[in-house]
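Notes follow once the structure below has been shown.
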Amino acid sequence: MLLKLTILPGDGIGPEVTGQAVLVLQAVADAYGHQVQLQHKPIGGAALTAVNDPLPADTVQACLGSSAVLLGAVGSPAFDHNPGHLRPEAGLLRLRRELGAYANLRPAVFFPALEDCSPLRPEIVRGTDIMIVRELLGGLYFGQPRSISGTSEPGAAGARVAVNTMRYGESEIERIARVAFELAMKRKRKVLSVDKANVLECSRLWREVVTRVGKEYPEVKLGHQYVDSAAMLLVQRPTDFDVVLTENMFGDILSDQAGGVVGSLGLLASASIGGPVGLYEPVHGSAPDIAGKGIANPLGAILSVAMLLRHSFQLEKEAACVENAVSAVLQQGARTADLAGKTHAIISTADMGHRVVEAVKVIARAPAA
Ligand code: IPM
Ligand code: MG
């Protein structure tokens, strides 16, 4: 198979982690007889620096012309004072919209080798395997109107007002609910829909529509939880969760929390699908404080390659090979700084990538069990 990809390294640690992820992709493609064709394009701060646009038209064209997109991260303090549309993040949000990627899948899986990394007791976190299904093109991130208006005198207390709009249409809720129920059918058949229906109209409509779609999936056990209470349960009883279905901003927050629960945000991968071309990225972001030091954890990006193989190419064996390679190197004690704790030696981003590449080769050669 030809794997035609656009790579968007982006900002901060993005280039370092995508570099390793591409090496792993190449290794798994070689092992299973696939061809890889790559083009690299700028996004975020890197694109702002180059052409003063966080998502150049050429980048969008390249993405739409490929079979899948692998992204590192966007965001840089250098642009903190830019107007909204000239921030790195605006490039990512526009890309999600251009790709029609309304379904953001964020698995949070506990690796047995990482018991010492979770702040939770082993008996609480052991067995955690959560799939967060985050709506990605609606809610506060995209709702209109949005503005900051009024004037503020320098030095005086300001009188400005800021507005964002949370907006959801029934069809937007329906399509993301279907994604969650379909995934649940292949897992433990549990969907927890997270909302704030005691306060927000958006959430009341959300709950109604999700309940209606749920009737089409009688085998799936559907529950509803307010987001505040869901956040508490996520640390108290993470193993109770299977598929979590939620709107854009709640999903943003809960997925970082889930990263903390399983030991490091650096491990979390994501797939943004639903449109013609899937977008795959680690959840961790640009981490400017550690950028360029060669110490970032590339496993979130590497596990995003596994999701890419599975969701954009239906290459399940290849995806599992990457995931098993990651488990194997963690089992062998390979640890980047975020995972090392007091007991393990720290290896670099490149060493971690290399270890996974070697494990991929071994696993691909082993006869199927
Ligand atoms: C994420 C990030 C993004 C988001 C930012 C960088 C726009 O936090 O993917 O979780 O909020 O969606
Ligand atoms: Mg986030």
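Counting Lys and Arg as +1 and Asp and Glu as -1, each charge on the Cβ, what is the dipole of the range 130-280 about the Cα centre in debye, to the nearest 20?
Numbers: 18 positive and 17 negative charges, 70 e Å.
Roughly 340 debye for the range 130-280.
Note on Gln144 and Gln331: their simple-model spin labels are 5.3 nm apart, each label 7 Å out from Cα toward Cβ.
Shape class of the range 1-81 from the alpha-carbon gyration tensor: oblate, with a/c at 1.5 or above and b/c at least as large as a/b. Computed packing ranks the peptides 245-253, 118-126 as 245-253, 118-126, most packed first, by mean other Cβ atoms within 10 Å. Between the range 208-269 and the range 284-344, how far is it from one alpha carbon centroid to the other, in angstrom? Centre-to-centre distance over Cα atoms comes out at 22 Å.
Please work out whether the range 193-262 counts as rounded, prolate or oblate from its C-alpha gyration tensor, where a ≥ b ≥ c are the square roots of the eigenvalues and a/c under 1.5 means rounded, while otherwise a/b larger than b/c means prolate and anything else oblate? Oblate.
Placing +1 on the Cβ of every Lys and Arg and -1 on the Cβ of every Asp and Glu, with nothing else charged, gives the range 170-246 a dipole about its Cα centre of roughly 320 debye. Placing R0 at 25 angstrom, the Cβ-Cβ distance between Val362 and Glu316 gives a FRET efficiency of 0.85 after rounding to 0.05. Each of Phe142, Phe110 was scored by other Cβ atoms within 10 Å of its Cβ. Arranged with the fewest first, they read Phe142, Phe110. Label-to-label distance for Thr211 and Ala31 is 4.8 nm, based on points extended 7 Å past Cα in the beta-carbon direction.
When ranked by the protection proxy of mean other Cβ atoms within 10 Å per residue, highest first, what sequence do the peptides 34-42, 299-307, 263-271 form?
Sorting 34-42, 299-307, 263-271 by mean packing, highest first, produces 299-307, 263-271, 34-42.
Nearest 20 debye, what's the magnitude of the dipole of the range 132-219 about its Cα centre given +1 on Lys and Arg Cβ and -1 on Asp and Glu Cβ? The dipole magnitude comes to about 420 debye.
How high is the relative contact order of the chain, in percent, counting Cα pairs under 8 Å that sit 6 or more residues apart?
Details: 816 pairs, mean separation 83.8, N = 369.
Relative contact order of the chain: 23 percent.
In whole percents, the pair-distance distribution calculated for the chain from its alpha-carbon pairs, binned every 10 Å from zero, is 5, 23, 33, 27, 10, 2, 0, 0.
Test of the criteria: in the range 268-340, which trypsin sites (Lys or Arg not before Pro) are in a DSSP loop and have at most 14 other Cβ atoms within 10 angstrom of their Cβ?
On the way: sites: Lys293, Arg310, Lys317, Arg335; in loops: Lys293, Arg335.
Counting only loop positions with at most 14 other Cβ atoms within 10 Å, the trypsin sites (Lys or Arg not before Pro) in the range 268-340 are Lys293.
Rounded to the nearest 500, the 222 nm mean residue ellipticity of the chain from helices alone is -13000 deg cm²/dmol, with -39,500 (n - 2.57) taken per DSSP H run of at least 4 residues.
Excluding Gly138 itself, calculate the net charge of residues whose Cβ lies under 9 Å from the Cβ of Gly138, where each Lys or Arg counts +1 and each Asp or Glu counts -1. Let's see the in-between values first.
Numbers: positive: Arg167; negative: Glu135, Glu172, Glu247.
Neighbourhood net charge equals -2.
If you count Lys pairs in the chain whose Cα atoms are under 15 Å apart, skipping same-chain pairs closer than 8 places in sequence, the total is 6. Summary value for the range 1-81: 48 percent relative contact order, contacts being C-alpha pairs under 8 angstrom separated by 6+ residues.
The numbers here are math on the coordinates, done by the rules we state, and not lab data. Note that the coordinates shown come from a computational prediction; the quantities given were computed from them, not determined experimentally. We place every Cβ from the backbone using ideal geometry, glycine too, and count neighbours over all the protein chains shown.
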